[in-house]
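Values in this text are rule-based calculations from the coordinates and carry no lab data. Keep in mind that this is a model prediction, so the values were computed, not measured. Cβ: placed from backbone, ideal geometry, glycine included. Neighbour counts: every protein chain shown.
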Amino acid sequence: MLILGIESATAQVGCAIGGHEGVLASTHSARARRHAESLAPQIEFALSQARIRIDEISVVAVDVGPGLYTGLRVGISTAMATAFGLGVPMIGVSSLDLLAFPVRHTRRLIVATIDARRGELFTAFYRQVPGGIQQVSEPRVVTPDDLYGELQAASTECLVVGDGALRYRDQLEGLTKVEIADVSLAYPSASSLVALAHPRALREEFVQPAEITPLYLRRPDAEVNWETRPER
């Protein structure tokens, strides 16, 4: 079983291909607002590096958010079109799960954060459990001050991961029980997407392309900007 993973929720866009042997090929780039131009060539490159044909893909996994609206639309629409064209099922995974997964071995409370712009963060909390991680709070939108207050009140040590943590590093570093993860872990990874999707694929936890639902958490910037124009 070969899985194509497509990730585009943040400033980074990428894809990976893998299965029971692990990740065979992956590629990522972070050229701002170039997701649509970057993704198709990345998929072609990953296929060539893995030495497989597109019709050998049996599952398409995609990051469903939360994240930046335009990036999510590009990734999800590409993933849906690919799955439709191949006649294969899909698996959707949260971008916050993808951030928490690489640091799953820590015993600290994992705080996954994505810079949501507008002075806000997308976040969810996770804890280590046998075999992986468990989400202990629902994905939500918070301000940096809100997150600061929650971490300050936490009774345990915390590891904050994601580009949201880097954006507000100066504010969060003042907390004694908080460590900010390395910049190399700032973005959700397509390789993590394939790794998380694989056991779900073995359990046949599939959805059809039309059933994939983005997790936006809030309205697009364009709608808000239109409604707040002075003449309105």
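Some points to look at:
- Relative contact order of the range 96-185, defined on C-alpha pairs under 8 angstrom at six or more residues apart (%): 28 percent
- Cα-based helix-to-principal-axis angle, 35-50 vs the chain, degrees rounded to 10: 50 degrees
- Mean residue ellipticity, 222 nm, helices only, the chain: the sum of -39500 (n - 2.57) across DSSP H runs of n ≥ 4, divided by residue count and rounded to 500, is -10000 deg cm²/dmol.
- Which of ASP63, ASP97, ASP145 has the fewest Cβ neighbours within 10 Å, and the rest in rising order: ASP145, ASP97, ASP63
- Taking every DSSP beta bridge that has both ends in the chain, the antiparallel portion is near 65%.
- A DSSP coil position with no more than 16 other Cβ atoms inside 10 Å describes the following trypsin sites (Lys or Arg not before Pro) in the range 51-86: ARG51, ARG53.
- Relative to the longest principal axis of the Cα atoms of the chain, helix 190-202 runs at roughly 60 degrees.
- Normalised contact order of the chain, rounded percent, pairs of Cα under 8 Å and 6 or more residues apart: 23 percent
- Antiparallel %, DSSP beta bridges [both residues in the range 96-185], to 5: 65 percent
- Ranked CYS158, CYS15, criterion: other C-beta atoms within 10 Å, fewest first: CYS158, CYS15
- Between the exposed loop cleavage positions of the chain, defined as GluC sites (Glu not before Pro) in a non-H, G, I, E, B DSSP state with at most 10 neighbouring beta-carbon atoms within 10 angstrom, the longest gap is 22-203.
- Ranking of LEU2, LEU68 by count of other Cβ atoms within 10 Å, fewest first: LEU2, LEU68
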